[in-house]
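Report on the structure given below.
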Amino acid sequence: MKSSQNKVTTIAAAIALLVKDNCHLSIGGFTINRNPMAAVYEIIRQQKRGLHLYAHSNGQGVDELVGAGCVTRLEIAYAGNGRFAPTCVRFRRAVEKGEIIVEDYSNYQMTLRFMAGAMGLPFLPTRSGLGTDIIKNWGFSKELRKNDETLPDHKLVTIDNPFDSWCDSPKLVLVPAINPDVTIIHVQQADRRGNARIQGLTFADVEQAKAARHLIITCEELVEEEFLKRDPDRNQIPFLHVDTVVPIAWGAYPTACYRYYDYDPRYLNNYRQAAEDENDYQSYLDKKIMGPANHLEFLALSNEKHLESLVADPETGYATGLERR
Amino acid sequence: MKSSQNKVTTIAAAIALLVKDNCHLSIGGFTINRNPMAAVYEIIRQQKRGLHLYAHSNGQGVDELVGAGCVTRLEIAYAGNGRFAPTCVRFRRAVEKGEIIVEDYSNYQMTLRFMAGAMGLPFLPTRSGLGTDIIKNWGFSKELRKNDETLPDHKLVTIDNPFDSWCDSPKLVLVPAINPDVTIIHVQQADRRGNARIQGLTFADVEQAKAARHLIITCEELVEEEFLKRDPDRNQIPFLHVDTVVPIAWGAYPTACYRYYDYDPRYLNNYRQAAEDENDYQSYLDKKIMGPANHLEFLALSNEKHLESLVADPETGYATGLERR
Amino acid sequence: MGKKEEKENGYSRREMMTIAAAREINDGEIVFCGTGISMLAAMAAKNISAPQSTIFFETGAIDSRLEEVPLAVADSRVMHATAVNGGLAEAFATMQNRFTGNRVVGILGAAQIDIYGNLNSTAIGDYHNPDVRFSGSGGACDVASFVNRTIIFMQHEKRKFVEKLDYLTSPGWIDGPGGRERIGLGPGGPETVITDLGVLRFARESKKMYLAACYPGVTPEEIQLNTGFALDLKQAEVFPPPTNNELEILRERCDPQRLILG
Amino acid sequence: MGKKEEKENGYSRREMMTIAAAREINDGEIVFCGTGISMLAAMAAKNISAPQSTIFFETGAIDSRLEEVPLAVADSRVMHATAVNGGLAEAFATMQNRFTGNRVVGILGAAQIDIYGNLNSTAIGDYHNPDVRFSGSGGACDVASFVNRTIIFMQHEKRKFVEKLDYLTSPGWIDGPGGRERIGLGPGGPETVITDLGVLRFARESKKMYLAACYPGVTPEEIQLNTGFALDLKQAEVFPPPTNNELEILRERCDPQRLILG
């Protein structure tokens, strides 16, 4: 599949093909930016269950997957959504009610775990975590880890520096690699073979992408291979890693896509409010997510003029002066 | 120094200030491309001695520093110069005569060593090296390493995977970090504060730059900060890491600088021939390197029309159709 | 300081906190920002007294030009006119790096803090069955582990200033002098705690938190009442209120929509 | 095959070697290239029989469009119209990566080879006091450690095909069956050795090198005479000479200046 010359498909087909119940999934983006929301909503529509989700700080996407009941286990550094939710609401409820098991790491630890996966290594070291409960408290028990071969036997391992006092680091924390069954990222531009260009910050998307067994790329724009090859210094992901390419405009909405559109403050505020109440949240799910047959119908629920107000200013890459209260 | 708003200086001043006899030095580039040659020649002119040099495959620059007698110890993966010297000649002679001590690594190991230094870690793991003499044979003896605090106690350390069979990696080789006293890289564009943009392949320059205590950036073009900030997706090195900025056109010559000029096949062939003979080499050093007072005078020794033939085609980034025999 | 005092004083508690933090930032420093008030403090410092400071974010944006206040560290606003747009890997490496990390000042917030400045931003109650679950570390544990100096924002309540954390997310001075070194961390650590009542610092020898200053109208006793452990109150001064210039820049240039100031 | 045969045959040994290697590359494969003849072989394969193969270099160039033959893996020519211009870190990670590494075929050369395909490209004689010093590993040890399948170019001389290497730079089958797994490497390894006399492969069970084919005009006995260990000669066939089409493309499209072909 990864050597195909044309990997373009629909989001429904890509999710049906690659995101299986109980699989290990990782999504790109960070809090309110470049989450692969079209894919997230399609996963919810296809009612995937038992997902083992990996995230660093992938706010909105994570909270919607958790809220819709798709997730059973979550390895995460930060479940917040900036000013729109200091702690993501559906996540908080699911943890407090014991509906999901969480394994906590830090953002750098999660980044290094994806990086290790991308580099083909079982672990990477860091000094972050020493002396903390992140090391002491395991969300997944030793027993669970031992009996599940998709999990490493240890959450983290602390070792003495084998190079003695080299670099003034007497001790190191080793973080285990993640190789998700599937990673989904949303990028600005990709071609049919899967070469991809992210504009602005890459977050940990490149590491998440290369760590995965299968990779779904959704993109704002499908461009010609020649266009990307004219300026390869700007590209990050070569087609080698990619299984499917899904062109889908506004594919990160209601999160932002730098240089294309801003996040939607109204949507995110309404979401948080709905998330606080079981009835409101069920009605949100029914009307906003399960109601529309696809992302186009989902977008049609938003006023066109309102969407236009989110379009990025070509100079700054965001919607300058947007009402964000 | 690193927080100064204007770090621009001359190559002579930068070398005099930061490259001390016996210091640990690392240079950027790869074989016949983007070696910081203006800096290399200035180091030779200033007759620096006892350098401990780190290189992955930095061909021409390494061979000239070794040939001129500046280097005492060399940690390296590859001392070749592509078709212009399958093994660098002055390097080969220096090793065979016992004039320098060499510590051998692989290219990935050296890359990871710089990366570890850039990441503030004492080591990084890899599977490369298992079963080889790179692990078994140490160029720097255990005793030398023990008595010299600028060297790690071990060349490499092999460990069992602390995460058991995770990622099918039973054993790992740990490579120790490098934090050079000084790194010198040559880039296409930089501003006065030291923000830098490399065009084309970055090799290991970014890791080498961030691993160093002090960083000298030489650049083809000094540009306005605003110019670089208009397109930060293209930049790699923020000013935080930089000590001095030296604008110097043709600063990588006779190696190539992508999008500016190609390598000079005639120069490199003549160099190899001179290097094979002690008298010819001494005369090369005297006339070509020690004779000129600076890089401008050095360049003036080359026929202007010849240099023009090396100027890069804007479409391909190299001198299309160049006579390279 | 209630609504009445706010009106009387001509500034709000959040404004006082933001400016108190901004004053801690020296010109030329590299400032790591989290979301919300810490970001606003960095913007205020840059606009008021530390124009050469560099604002950077764990998401990979270095030297962002903040023309509008971002509402998250991944807001597209942090990507504008940076020195380099990278990713998380580069940002955290900059802090773990031996030559840049010690020039970074980190600004953090938390749900709980103890007398040594250790922080909890993960859970209240039993970790496996929490009464209240928070967002988790994010980059906080990384920053607190790597950088030389941190400034911490807290709401000043007894249940937040505790004898013992329910979960230690981010290391402060651990258990006192030499605590960081014993577990393998570098020597730097928390320096200042800025609350809605005053400013606290850590004693050089004991590494214990003490009251350095109360905001105008707040007494040391009031602060002790809102703190779950005994504070040394003897060194408490009255904190200089925001100047008109500080307030004007904060309100007009940094957060005119009052997105963070409220 | 001397100058006379070259003229008679209508092709040179280097051309034969290049084309022999090109034929080993399957369409759709990811081809790791070193400098010189290995690069030319990859170009030939791409232009002749494997148009969908991807040429990539340790310097970080992925899917280079080679309009002129590069003279080093860092030649600016490898940077033209790539999928991504990265660096060494990305290139080697692609090979160590569990999902891309096993789709890579690596092309290597060396100064010495043993019967198990282990390579020396570092030194002849005592490592600490060498008779001849070579360039060192470069990326060869990394490639030989990570990828599933390697093709090796060698000059066929007795002093180069040796019982025991003076220095093991790059791992082949180590000491035979299970050798790689015992030291912690993956199961793939050297598959083909292409020399100026013929083509050698490794026995599936014993992992020992055997003679698979002689070039036209070369005898198995001649090859044994130039090999420092006993070869199984029984399976030797005559290697099909280059076709006119292969030669034409190699000469006219790949190396018209004869920079590598000589």
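The values are calculated or read from the model by the stated rules, or taken from the named source; none is laboratory data. Owing to the predicted nature of the structure, the values given are computational and were not obtained by experimental measurement. For neighbour counting, all protein chains shown are included, and Cβ atoms are generated from backbone atoms with ideal geometry for every residue, glycine included.
Data table
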read-out	value
Whichever residue in the stretch B:194-206 is surrounded by 24 or more Cβ atoms within 10 Å (Cβ to Cβ) and not aliphatic (A, V, I, L, M) and, among such residues, is nearest to B:Thr132 (Cα to Cα)	B:Phe203
Failed item in (1) at the interface with chain C (Cβ under 8 Å from one of its Cβ atoms); (2) over 20 Å from C:Ile124 (Cα atoms); (3) out of contact with any Asp or Glu (no Cβ under 8 Å at 6 or more places or on another chain); (4) not in a loop (DSSP other than H, G, I, E, B), with A:Pro125 passing the rest	(1)
Matching residues, the stretch B:169-204, being in contact (Cβ under 8 Å) with a residue 40 or more places away in the chain and under 30 Å from D:Gly186 (Cα atoms)	B:Ser169, B:Lys171, B:Leu172, B:Val173, B:Leu174, B:Val175, B:Pro176, B:Ala177, B:Ile178, B:Leu201, B:Phe203, B:Ala204
C:Val238 being aliphatic (A, V, I, L, M), within 14 Å of C:Ser12 (Cα to Cα) and over 19 Å from the mean Cα position of the chain (by Cα)	no
For A:Asp191: the one exception among (1) in contact with a helix residue (DSSP H, G or I) (Cβ under 9 Å, 6 or more places away or on another chain); (2) closer than 21 Å to A:Ile76 by Cβ	(2)
Test: A:Leu299 is under 28 Å from A:Ser3 (Cβ atoms), part of a helix (DSSP H, G or I) and not acidic (Asp, Glu)	no
Test for A:Leu240: is it over 21 Å from B:Pro232 (Cα atoms), over 15 Å from the mean Cα position of the chain (by Cα) and facing another protein chain (nearest Cβ under 7 Å)	yes
Any hit, the stretch B:173-184, residues being at pLDDT 95 or above, under 30 Å from A:Arg230 (Cα atoms) and either in contact with a Pro (Cβ under 7 Å, 6 or more places away or on another chain) or not in a helix (DSSP H, G or I) (or both)	yes
In the stretch A:215-237, the residues that are more than 8 Å from every other protein chain (Cβ to nearest Cβ) and either at positive phi or buried (at least 19 other Cβ atoms within 10 Å of the Cβ) (or both)	A:Leu215, A:Ile216, A:Ile217, A:Thr218, A:Cys219, A:Glu220
Checklist (1) within 11 Å of chain A (Cβ to nearest Cβ); (2) over 27 Å from A:Ala85 (Cβ atoms) applied to C:Thr82, failing item	(2)
Search result, residues across the stretch B:145-168 that are touching a residue at least 40 places away in the same chain (Cβ under 8 Å) and surrounded by fewer than 16 Cβ atoms within 10 Å (Cβ to Cβ)	B:Thr150
Only listed residue being facing chain B (nearest Cβ under 10 Å) and out of contact with any Asp or Glu (no Cβ under 7 Å at 6 or more places or on another chain), chosen from D:Ala89, D:Ala61	D:Ala61
Candidate set: the stretch C:161-189, residues that are more than 10 Å from every other protein chain (Cβ to nearest Cβ) and within 16 Å of the chain's Cα centre (by Cα); chosen: the one modelled with the lowest pLDDT	C:Gly188
Only one of A:Gly317, A:Gly251 that is in contact with a strand residue (DSSP E or B) (Cβ under 8 Å, 6 or more places away or on another chain) and either surrounded by 18 or more Cβ atoms within 10 Å (Cβ to Cβ) or away from chain C (no Cβ under 14 Å) (or both)	A:Gly251
Count of the stretch A:273-296 residues which are assigned to a loop (DSSP other than H, G, I, E, B) and within 29 Å of C:Gly262 (Cα to Cα)	2
Qualifying residue in the stretch A:100-110 (condition: farther than 21 Å from A:Ile134 by Cβ and in contact with a helix residue (DSSP H, G or I) (Cβ under 6 Å, 6 or more places away or on another chain))	no
Residue check for B:Lys305: touching a helix residue (DSSP H, G or I) at 6+ places or on another chain (Cβ under 9 Å), in a helix (DSSP H, G or I) and at pLDDT 95 or above	no
Residue in the stretch A:152-163 that is in the same structural domain as A:Met110 (by TED's automatic domain parsing), of a type in the set (A, V, I, L, M, F, W, C), touching a Leu at 6+ places or on another chain (Cβ under 8 Å) and within 29 Å of A:Asn35 (Cα to Cα) present	no
Within the stretch A:41-65, tally of residues that are polar (S, T, N, Q) and either closer than 23 Å to A:Phe203 by Cα or touching a Lys or Arg at 6+ places or on another chain (Cβ under 8 Å) (or both)	3
Checklist (1) crowded, with 24+ Cβ neighbours inside 10 Å; (2) over 26 Å from A:Phe239 (Cβ atoms) applied to D:Gly125, failing item	(1)
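Conditions (1) of a type in the set (Asp, Glu); (2) within 11 Å of chain C (Cβ to nearest Cβ); (3) touching a residue at least 24 places away in the same chain (Cβ under 8 Å), marked per residue:
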{"position": "A:Gly67", "(1), (2), (3)": "no, no, yes"}
{"position": "A:Val71", "(1), (2), (3)": "no, no, yes"}
{"position": "A:Arg83", "(1), (2), (3)": "no, yes, no"}
{"position": "A:Pro86", "(1), (2), (3)": "no, yes, no"}
{"position": "A:Ala94", "(1), (2), (3)": "no, yes, yes"}
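Results for (1) over 19 Å from B:Thr126 (Cβ atoms); (2) more than 8 Å from chain B (Cβ to nearest Cβ); (3) modelled with pLDDT of 95 or more, shown as yes or no for each residue.
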position	(1), (2), (3)
D:Asp114	yes, yes, yes
D:Gly125	yes, yes, yes
D:Gly139	no, no, yes
D:Asp142	no, no, yes
D:Val147	no, yes, yes
D:Thr150	no, yes, yes
D:Arg159	yes, yes, yes
